[in-house]
Structures are given as structure tokens and as C-alpha cells.
Amino acid sequence: MPKKDDTEHPAHVLEVMNGEARPTLEAPENYPGAWPTAQIEGIYISRISCTRKPASLSQKFQSLTFDISCIPLPPDRLHFVADILVPGDKFIGAVTVHCTARFRSLSGDLDSEKTVNRYGRRYVEWVAHSLWDTGAAALRSTIALLPMADVTVPIKTPEPTFRSIRRIRHNGTDKSTSSKANDPNS
């Protein structure tokens, strides 16, 4: 007899694995609650590098950074962009990873900065693991090609910094702001 969790599922949406009832991957169309609120549609890497660290490197880049921002793709998608920078003593590794998430239902207009930032903050920790795992694996492979590289990429996902979007001023200066992902005051 399958174990029941707190959520009720119709019998045809459950499969039994090792004595536990779990939702199946194939959900019937007449059961809309089977699909998650957000789904990752794809992850890809747009840039990866491991190079000697310049002597004049800014203090900001002397420690690991994991920044995530999001771009609206109306009507129901957000495109997350993660920049990962991992410094060593003599080398520095960097990768940019992209991920598009589709939402079953959004409350708010994705043309509004406030709404985009609200959804970005809400889902940044959820998407951070996929972005980190993808970027870190690719960066480790690149670093392995350089035997002299002294960069060590952590296995555990670090806490991301969410970079909220703001409109670019007419003079070309960026007005983006940053906050730790779990900071409710930002």
C-alpha cells in the first residue's frame, strides 16, 4: 500500500517506487494541479574562462561571487542570468549561465520592474542550484584543462546575490541594485 503524503493526488497520477507513492512525470491534461508553478525550460552557458589573474584586479573580485539577475520574457517567462567568478591565487575562473523559467500563472505584469524583481527574488534560490551546478561543472572541466590553474570550485551552492533590474538611465549608467537572495528588506 503506497504511503500518502499531505497532498491528495488521484491514483492515476501516482506511481509506487520502493514502497512510496510519488507523482508521475506524465500527468493527464484533466489534472492541472499536477504541473509545478514554475518549470525550467532550458539551461545553457554563454561564456566560460579560466585565465591568469591580473595584478590590478579589483578587490570586489578577490572572493567568490555568484550573482543572478532576471529579464522578463512576457507573458509567462523569466530569463535568469548567473555570473559565477571563482578566484584562485594566480588564476581566476568565470562562467555565465542562462536559464529560462516558465510559470503556470503569474499575478502581475512582467512589464513592471517591481513585478519582475518580486518574481526574481522569489525564485532566485530555487533556480540558483541548477545555475550553479551547470556553471560549476563546466568551469571544473575548463580548469582541468589547465594543470597550472589553482582555482577550486566549491561543490555546495553558495548563497546567490540577486541583482534587481532597473531601467538604464539615458546617459548610459546602470542603476541596478543588489541584495542577498533571502533578504526580505531589499
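The values are calculated or read from the model by the stated rules, or taken from the named source; none is laboratory data. Because the structure is a prediction, the values reported are computed rather than measured. All Cβ positions, even for glycine, are placed from backbone atoms using ideal geometry, and neighbour counts span all protein chains on display.
Quick check on my filter: what residues within segment 118-136 are within 14 Å of T96 (Cβ to Cβ) and either free of Cβ contacts under 8 Å to residues at least 12 places away in the same chain or surrounded by 22 or more Cβ atoms within 10 Å (Cβ to Cβ) (or both)?
Step one: filter segment 118-136 for residues within 14 Å of T96 (Cβ to Cβ), giving 131-132, 134-136.
L131, W132, G135, A136 - these are the residues of segment 118-136 that are within 14 Å of T96 (Cβ to Cβ) and either free of Cβ contacts under 8 Å to residues at least 12 places away in the same chain or surrounded by 22 or more Cβ atoms within 10 Å (Cβ to Cβ) (or both).
Condition (residue is of a type in the set (S, T, Y), in a loop (DSSP other than H, G, I, E, B) and out of contact with any Phe, Trp or Tyr (no Cβ under 7 Å at 6 or more places or on another chain)) applied to segment 95-102: is it met by at least one residue? First the steps, then the outcome.
First, the residues of segment 95-102 that are of a type in the set (S, T, Y): 96, 100.
Now narrow it down to the ones that are in a loop (DSSP other than H, G, I, E, B): none.
The answer is no, given that none of the residues of segment 95-102 is of a type in the set (S, T, Y), in a loop (DSSP other than H, G, I, E, B) and out of contact with any Phe, Trp or Tyr (no Cβ under 7 Å at 6 or more places or on another chain).
Residues are listed down the side, and each one gets a yes or a no for (1) in contact with a His (Cβ under 9 Å, 6 or more places away or on another chain); (2) under 20 Å from K60 (Cβ atoms); (3) at pLDDT 80 or above; (4) part of a loop (DSSP other than H, G, I, E, B):
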position: S105; (1), (2), (3), (4): no, no, no, yes
position: K114; (1), (2), (3), (4): no, no, yes, no
position: G120; (1), (2), (3), (4): no, no, yes, no
position: T157; (1), (2), (3), (4): yes, no, yes, yes
position: S178; (1), (2), (3), (4): no, yes, no, no
Per-region count, segment 65-77, residues under 11 Å from the mean Cα position of the chain (by Cα) and not polar (S, T, N, Q): 4
Residue pairs meeting the criteria (Cβ under 6 Å; at least 6 apart or on separate chains; first more than 18 Å from D67 (Cα to Cα), in segment 146-160; second in a loop (DSSP other than H, G, I, E, B)): D150/G88; D150/D89; D150/K90; V151/G88
